[in-house]
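Colleague: Please see the structure below; I have some questions.
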Amino acid sequence: MKMVKCYIQYEKLEEVREKLFALGVPGLSVAEVKGIGKPMSQMRAHPESKTSKLPQFHPSLEITIVLESDGVDEVVEALVSTLRTGNLSDGKIFVLPVEQAIRVRTGEKGKQALY
Ligand SMILES: Nc1ncnc2c1ncn2[C@@H]1O[C@H](COP(=O)(O)OP(=O)(O)OP(=O)(O)O)[C@@H](O)[C@H]1O
Ligand SMILES: [Mg+2]
């Protein structure tokens, strides 16, 4: 199993929901977060720059999906094609390993807990 964490712009949420459930994801969570992207690393690379100022937080949505490893590529491709406008801050996707999933109601574990 894998966890896909995806940071998106608010206005993309509905389109992302449609695409993900068309692909049959077993569930997802959405959280309102604030974050900082690339400017932070640019500042680290050039700390002497007089023009660099402390990066500011920007509101973003964090989507978390846990799914079978086999489905990850398809989900990531769907996210990228839905989110990409070519502008800065289109978003960021991370893929993490997941050790276990447990459905509390039944005690089912692993894949059975997802679907
Ligand atoms: N390395 C990171 N770790 C954790 N969260 C991140 C990281 N990079 C980006 N994020 C989250 O993703 C959001 C969107 O990032 P963003 O799309 O601006 O990435 P970027 O790397 O700066 O790309 P771009 O150059 O297109 O702006 C950030 O506001 C933050 O919430
Ligand atoms: Mg950015």
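Colleague: Kindly provide the set of residues from segment 74-113 that are touching a Leu at 6+ places or on another chain (Cβ under 7 Å) and in contact (Cβ under 8 Å) with a residue 60 or more places away in the chain, ordered by number.
Modeller: First, pick out the residues of segment 74-113 that are touching a Leu at 6+ places or on another chain (Cβ under 7 Å): 74-75, 78, 90-91, 93, 101.
Result: 75, 90, 91, 93, 101.
Colleague: Condition check: surrounded by 14 or more Cβ atoms within 10 Å (Cβ to Cβ), closer than 17 Å to residue 2 by Cβ and either without any contact (Cβ under 8 Å) to a residue 40 or more places away in the chain or of a type in the set (Gly, Ala, Ser) (or both). Does residue 71 satisfy that? Walk me through how you get there before you give the answer.
Modeller: Details: surrounded by 14 or more Cβ atoms within 10 Å (Cβ to Cβ): yes; closer than 17 Å to residue 2 by Cβ: yes; either without any contact (Cβ under 8 Å) to a residue 40 or more places away in the chain or of a type in the set (Gly, Ala, Ser) (or both): yes.
The answer is yes for residue 71.
Colleague: Inspect all residues belonging to segment 67-75 and state whether any of them is modelled with pLDDT of 95 or more and within 15 Å of ligand 2 (Cβ to nearest atom).
Modeller: Checked against the condition, which is being modelled with pLDDT of 95 or more and within 15 Å of ligand 2 (Cβ to nearest atom), segment 67-75 yields no hits at all.
Colleague: Also, I was wondering about something else. Mind checking whether some residue in segment 57-75 is in contact with a helix residue (DSSP H, G or I) (Cβ under 8 Å, 6 or more places away or on another chain) and part of a helix (DSSP H, G or I)?
Modeller: Yes, the conditions are met somewhere in segment 57-75.
Colleague: Within segment 76-104, track down each residue that is away from ligand 2 (no atom under 16 Å from the Cβ) and outside any strand (DSSP E or B). First the steps, then the outcome.
Modeller: Initially, segment 76-104 is screened for residues away from ligand 2 (no atom under 16 Å from the Cβ), giving 76-79, 81-82, 95-104.
Once the filter is applied, which keeps residues that are away from ligand 2 (no atom under 16 Å from the Cβ) and outside any strand (DSSP E or B), segment 76-104 yields 76, 77, 78, 79, 81, 82, 98, 99, 100, 101, 103, 104.
Colleague: Kindly indicate whether any position in segment 9-21 is in contact with a Lys or Arg (Cβ under 6 Å, 6 or more places away or on another chain), aromatic (Phe, Trp, Tyr) and either modelled with pLDDT of 95 or more or in a loop (DSSP other than H, G, I, E, B) (or both). Before you say what the answer is, go through the steps one by one.
Modeller: Start the filter on segment 9-21 by keeping residues that are in contact with a Lys or Arg (Cβ under 6 Å, 6 or more places away or on another chain), which leaves none.
Checked against the condition, which is being in contact with a Lys or Arg (Cβ under 6 Å, 6 or more places away or on another chain), aromatic (Phe, Trp, Tyr) and either modelled with pLDDT of 95 or more or in a loop (DSSP other than H, G, I, E, B) (or both), segment 9-21 yields no hits at all.
The values are calculated or read from the model by the stated rules, or taken from the named source; none is laboratory data. All values derive from a computational prediction rather than experimental measurement. Counting neighbours? That spans all protein chains shown, and the Cβs are built from the backbone with ideal geometry, glycine included.
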